[in-house]
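K.L.:
I'd like to ask you about the structure that follows.
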Amino acid sequence: QVQLVESGGGLVQAGGSLRLSCAASGRTFSTMAWFRQAPGKEREFVAGIRWSGGSTNYADSVKGRFTISRDNAKNTVYLQMNSLKPEDTAVYYCAASAVYHSDYKRGYLYWGQGTQVTVSS
């Protein structure tokens, strides 16, 4: 059974940092990613990483501030978030795809339960 378990969310002041973790189990994946959904808005892609090779892709809104990485030994993906802004406030979801898609934003079958990130001004 596939499980994605997120942790690391919380409340932080603008300009601060948080690191999210997503521990994966149950099978191997091609790509893992982070998405987020703010109140009243659609879910949006934040960052993705290929499990093999480690290539990454970021949404324009987080480039230069967020870093996605993986630890193969721990089957865990991280999202380091720096210089946080109030507009980063959202529920952050970890997602995983077992099938390769050239578009980092597509093809995710497995999802975590979400972790709340709140950035105060």
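K.L.:
Just wondering, is there one or more residues in the range 31-39 that are open to solvent by 20 Å² or more (accessible area, probe 1.4 Å), within 14 Å of the chain's Cα centre (by Cα) and modelled with pLDDT under 95?
P.N.:
The answer is no; no qualifying residue exists.
K.L.:
Looking at Thr56 and the list (1) of a type in the set (Val, Ile, Thr); (2) open to solvent by less than 50 Å² (accessible area, probe 1.4 Å); (3) touching a Lys or Arg at 6+ places or on another chain (Cβ under 9 Å), which single condition is not satisfied?
P.N.:
All conditions pass for Thr56, except number (2).
K.L.:
Given (1) outside any strand (DSSP E or B); (2) small (Gly, Ala, Ser); (3) touching a residue at least 12 places away in the same chain (Cβ under 8 Å), where does Gly53 come up short, assuming only one miss?
P.N.:
Going through (1) outside any strand (DSSP E or B); (2) small (Gly, Ala, Ser); (3) touching a residue at least 12 places away in the same chain (Cβ under 8 Å) one by one, Gly53 breaks only (3).
K.L.:
Could you list, in sequence order, the residues of the range 62-121 that are without any contact (Cβ under 8 Å) to a residue 40 or more places away in the chain, assigned to a strand (DSSP E or B) and among the β-branched types (Val, Ile, Thr)?
P.N.:
Thr67, Ile68 - these are the residues of the range 62-121 that are without any contact (Cβ under 8 Å) to a residue 40 or more places away in the chain, assigned to a strand (DSSP E or B) and among the β-branched types (Val, Ile, Thr).
K.L.:
Name every residue in the range 11-27 that is among the small types (Gly, Ala, Ser), surrounded by 12 or more Cβ atoms within 10 Å (Cβ to Cβ) and not in a loop (DSSP other than H, G, I, E, B), in order of residue number.
P.N.:
Matches in the range 11-27: Ser21, Ala23, Ala24.
The values are calculated or read from the model by the stated rules, or taken from the named source; none is laboratory data. Treat the numbers as computed from the prediction; the structure is a model and nothing was measured. For neighbour counting, all protein chains shown are included, and Cβ atoms are generated from backbone atoms with ideal geometry for every residue, glycine included. Heavy atoms of the whole protein, side chains included, go into the accessibility calculation; ligands, DNA and RNA do not. Shrake-Rupley method; radii C 1.70, N 1.55, O 1.52, S 1.80 Å.
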